[in-house]
Structures are given as C-alpha cells and as structure tokens.
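Working notes, structure below.
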Amino acid sequence: MNLINQITNNSRQRQTIPLEDGSFFEISLYFIPMQFGWFIEELIYGKLTIKSIRVCNSPNILAQFKNKIPFGIACFSSENREPSQQNDFISGASNLYVLSAAEVLEYEEFLSE
C-alpha cells in the first residue's frame, strides 16, 4: 500500500497518482460540507472513467472494478468514523492508499475464504 499523501484540505482537487508499473491514474476529489463527506468525482485510468464514489473506510473502495483496473484504493481512519471533515486527510485522521494488483488479489482471496 502506498499512501496518497498529496491530498490537501482544498474542497476540490485533482491528483496524478503513479502506479508501480510506471503508469498512472488521475483522481478528482471534492468535499461536500452538507453531506459531511469526501467524494471521488472522477477517476481516469487509460480509457476507463469512474465517477461519483463516496470515500468511505474500506480495504478497497474500487473492488467492484477489480477486472478493469490493476489497482485499488483503500481508506482507513483512526477516529473510528468515516472521513467526514474537510481536514481529515491533512490531519491524519483518515488516509487514502493505492493498492497494488497483488494486494487487490490478496484481499479478494481473503474475502473468498
């Protein structure tokens, strides 16, 4: 797992995230105060575009796309709650991680046991 550490507390932001194979994906995040939450507005990997996913605590937020992308995104929070405040990622209360293809497979194998 690699921490996505360039997330700020800006309510709208776009990041380019490198993958271990040398490729990359683009992710647009935004915070909605009235919904107390962070959202992936758009994730682009090659020709695939994924839109409108709420960021929640999960070992792989992108598990449903496992056959289309060679990575995953995990979110973990130390506060025992979902990332619901604008400062959660810069304060360390919540963290987003990129999962490698091997980590996604390991998680899938765990679920099938």
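Nothing in this text is a laboratory measurement; each read-out follows from the coordinates by a stated rule. None of the values given here were measured: they were computed from a predicted structure. Every residue, glycine as well, gets a Cβ built from its backbone with ideal geometry; the counts of neighbours run over all protein chains shown.
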Enter the per residue convex hull volume of segment 2-112, computed from alpha-carbon coordinates, in Å³ rounded to the nearest integer. 99 Å³
Starting from the 7 Å offset along Cα-to-Cβ, what nm value, one decimal, do you get for the label separation of Asn67 and Glu26? 2.8 nm
Extending each Cα 7 Å along its Cβ direction at Glu108 and Ser91, get the distance between those two points in nm, one decimal. 3.7 nm
Which angle from 0 to 90°, rounded to the nearest 10, does the C-alpha axis of helix 101-112 make with the longest principal axis of the chain? 90 degrees
Between Ile44 and Met1, what is 0.36 nm times their sequence separation minus the Cα-Cα distance? Round to one decimal in nm. 13.5 nm
Residue with peak Gaussian network fluctuation, the chain [Cα springs, cutoff 10 Å], from Glu42, Glu79, Glu103: Glu79
Charges only on Cβ, +1 for Lys and Arg, -1 for Asp and Glu: so what's the dipole of the chain about the Cα centre, in debye to the nearest 20? 500 debye
